[in-house]
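The values are calculated or read from the model by the stated rules, or taken from the named source; none is laboratory data. Remember, predicted model here, so these are calculated numbers, not experimental data. As a convention, Cβ positions derive from the backbone with ideal geometry for all residues, glycine included, and neighbour counts pool all protein chains shown. Note: accessible area is taken over every heavy atom of the protein model, side chains too, but ligands, DNA and RNA are not part of it. Shrake-Rupley method; radii C 1.70, N 1.55, O 1.52, S 1.80 Å.
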Amino acid sequence: MFASNDFMTNQRISIDMREVVEVILKSKYLTALTGAGVSAESGIPTFRGKDGLWNKHKPEELATPQAFAANPEVVWKWYAWRMEIVFNAKPNPAHYGFAELEKLEILKCLITQNVDDLHERAGSERVLHLHGSLRKVICTKCDYSEYVEKPPRIPPLPKCPRCHSLLRPGVVWFGEMLPQDVLSEALNEVNRSDVIIVAGTSAVVQPAASLPLIVKRNGGKIIEINPSETPLSGIADYVIRKPAGVAMKEIVDEIKRVLS
């Protein structure tokens, strides 16, 4: 009995994945939205999972302009630690899967909430970073910014070479607006999309959480990849309850099989 049930479950999963692949291959404009769950498989802690960063630190203590103004050294030490983890991490099969879909000219744009550069290191070229990047530091006073290859040593606090004001991590903090040019481009992309893959995101952080809803409202389909239920699950057309790395590898392997 158990063997039979297992077989039926495997068959159902396989059939569902073939349906997902068919939807992807028939799409006219496919985009993707990724969140922290995608990079968690590379060893980067998430913010809202059971082992998330916010279970150990309060966001208002570390990720707000007010926190940085009050104690920039504490905030910088925490971000330098995060940068060390991110810079040493390696892309996983989810990152490579999205890069492969772009290489096959199926995926048109990847929108990410992640502040790491693992998508780019996996080979993705069309990536929109809604929440900024840990690879970038910006001046708190002037428009100076630069990309870094390694975390700063704290102390001393990093200073702008142009105006000598404090530099800060190039990420979007709580209470700050998203980069309007990036958000505008992301909105344009989802408005063009007839299918969106949403992988590894809690679907609660706005405005990113609203992007798949735009695709749905325009008559498109949502493919959610997440081991856990999210607020998006109830309206998603396909829900894949697997880690993003596992699901994306299955999807790409099946697409290559169909196209071969």
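Here Lys150 sits with roughly 150 square angstrom of accessible surface, probe radius 1.4 Å. Nearest-5 percent of antiparallel DSSP beta bridges in the chain? Among the beta bridges of the chain, antiparallel pairing accounts for roughly 30 percent.
In the range 104-260, the portion of solvent-accessible area held by carbon and sulfur atoms comes to 51 percent [1.4 Å probe, whole percent, DNA, RNA and ligands not counted]. For the range 100-230, how big is the tail of P(r) above 21 Å, as a whole percent of Cα pairs? Taking all Cα-Cα pairs of the range 100-230, the fraction more than 21 Å apart is 49 percent. Just going by the charge dipole of the range 80-182, with Lys and Arg at +1 and Asp and Glu at -1 on Cβ, which of Phe87, Cys139, Leu104 is farthest out on the positive end? Towards the positive end, the residue furthest out is Cys139.
Computed with every protein chain present, the accessible area of Ile235 is close to 70 Å² [probe 1.4 Å]. Amide H contacts of Cys109 (H built 1.01 Å from N, in plane; Pro and chain starts excluded): Ala32 sit under 5 Å, all sequence-distant by 5 or more or on other chains. Accessible surface computed residue by residue for the range 89-181, with neighbouring protein chains in place and a 1.4 Å probe, gives 51 Å² per residue. For the chain, the alpha-carbon coordinates run over 65, 41, 32 Å along the three principal axes, in decreasing order.
Order Asp181, Asp116, most accessible first, counting only protein heavy atoms with a 1.4 angstrom probe.
Descending accessible area places them as Asp181, Asp116.
Using a cut-off of 18 Å between Cα atoms, the listed pairs Lys28/Lys108; Lys28/Lys249; Lys26/Lys108 include Lys28/Lys249 as exceeding that distance. Taking a straight Cα-Cα cut-off under 28 Å and skipping sequence neighbours fewer than 8 places away in the same chain, the lysines within cross-link reach of Lys141 are Lys58, Lys77, Lys150, Lys159. Counting only Cβ charges, +1 for Lys and Arg and -1 for Asp and Glu, the dipole size of the chain around its Cα centre is about 360 debye. Exposure here means at most 11 other Cβ atoms within 10 Å; with GluC sites (Glu not before Pro) in a DSSP loop as sites, the longest stretch of the chain lacking them is 150-260. Placing a pseudo-label 7 Å from each Cα along the Cα-to-Cβ vector at Gln206 and Met177 gives an inter-label distance of 1.6 nm.
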